[in-house]
Amino acid sequence: MSPERDEQERLQTYSRWVSRGGVAVGVVGAAIFGWIMAGAFLSGTGAADAAPRDLCSLIPAEDASRIVPLRRTTHRTLPRSDVRNEAECEMTSGDAWMKDGGRYGRLRVQLDRHGTTRRDDGWDEARKAFNWSEEYDRGDGGTPREVPGLGEKAYEETRSEPASPPGQRGVRARAQLTVLLGKDVLTVDYTAEPSSPERAREVSVAVARTVLGGL
């Protein structure tokens, strides 16, 4: 083989290796860039405020006993990501409420705290979550009603159903209240028996004011 032909083959081989290496580097580079951009979007530029470790503690024990007799209490904190933190409190009457025509109560309070993403700041993220919740409730056949004077915006739904077990006096009433305040969305879901939709609504609003005042 002539020196010229040998040199030509070496150059062609080298060119093929460079081309393959360039493609590999391009693929790896694109993957790394995508991973970095995804991480940047998820992490955002401003972390959400920490959620309370015990959301139930913001509700005075005396009030809790009055609205949820024989209550059993659970609470948890759920850090979804650094751009959203969630806390939940649940109180439910024990089984003994059925004896001697007793009273039943169930209270669930959820707080979602939003941080800043690449698309929106925490205030806009909270507002989008609030609006989506209201639209969902309307689309689900509900009739949300505005609650003035609570947070920036608030709406609620109330409903009633026969008592449990059937034949017991009174009705079971439920009120669901959602409040927007800053970067927070607070949801209060209260059920009571015997009660009325108006009474359940009053309790849910009072609980929301208490919790928001303690944050």
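The values are calculated or read from the model by the stated rules, or taken from the named source; none is laboratory data. Since this is a predicted model, take the numbers as computed values, not measurements. Here Cβ is always computed from backbone atoms with ideal geometry, including for glycine, and neighbour counts include all displayed protein chains. SASA here: full protein model, heavy atoms, side chains in, ligands and nucleic acids out. Shrake-Rupley method; radii C 1.70, N 1.55, O 1.52, S 1.80 Å.
Looking at Asp121, Asp112, Asp137 in this structure, which one is touching an Asp or Glu at 6+ places or on another chain (Cβ under 9 Å) and farther than 23 Å from Ala192 by Cα?
Just a single option satisfies the conditions, and that option is Asp112.
Checking Thr117 against (1) touching a Leu at 6+ places or on another chain (Cβ under 6 Å); (2) more than 20 Å from Val205 (Cα to Cα), which single condition isn't satisfied?
Here Thr117 meets the rest and fails (1).
Search region 51-64 for residues that are under 14 Å from Arg108 (Cα atoms) and pair each with any residue that is exposed (fewer than 14 other Cβ atoms within 10 Å of the Cβ) when their beta-carbon atoms are under 7 Å apart and the residues are at least 6 apart or on different chains.
Leu58/Gly214
Hey, any hits in region 74-82 for a residue that's open to solvent by 20 Å² or more (accessible area, probe 1.4 Å), in contact (Cβ under 8 Å) with a residue 40 or more places away in the chain and under 17 Å from Leu215 (Cβ atoms)?
Within region 74-82 (the criterion being open to solvent by 20 Å² or more (accessible area, probe 1.4 Å), in contact (Cβ under 8 Å) with a residue 40 or more places away in the chain and under 17 Å from Leu215 (Cβ atoms)), the answer is no, since none of the residues qualifies.
Evaluate the following for Asp184: is it at pLDDT 95 or above and in contact with a His (Cβ under 8 Å, 6 or more places away or on another chain)?
Criteria met by Asp184.
Name the residue, out of Ser93, Ser57, that is at pLDDT below 95 and small (Gly, Ala, Ser).
Only one candidate qualifies: Ser93.
Looking at this structure, is Gly39 over 26 Å from the mean Cα position of the chain (by Cα), small (Gly, Ala, Ser), at pLDDT below 85 and outside any strand (DSSP E or B)?
Against the criterion (over 26 Å from the mean Cα position of the chain (by Cα), small (Gly, Ala, Ser), at pLDDT below 85 and outside any strand (DSSP E or B)), Gly39 does not qualify.
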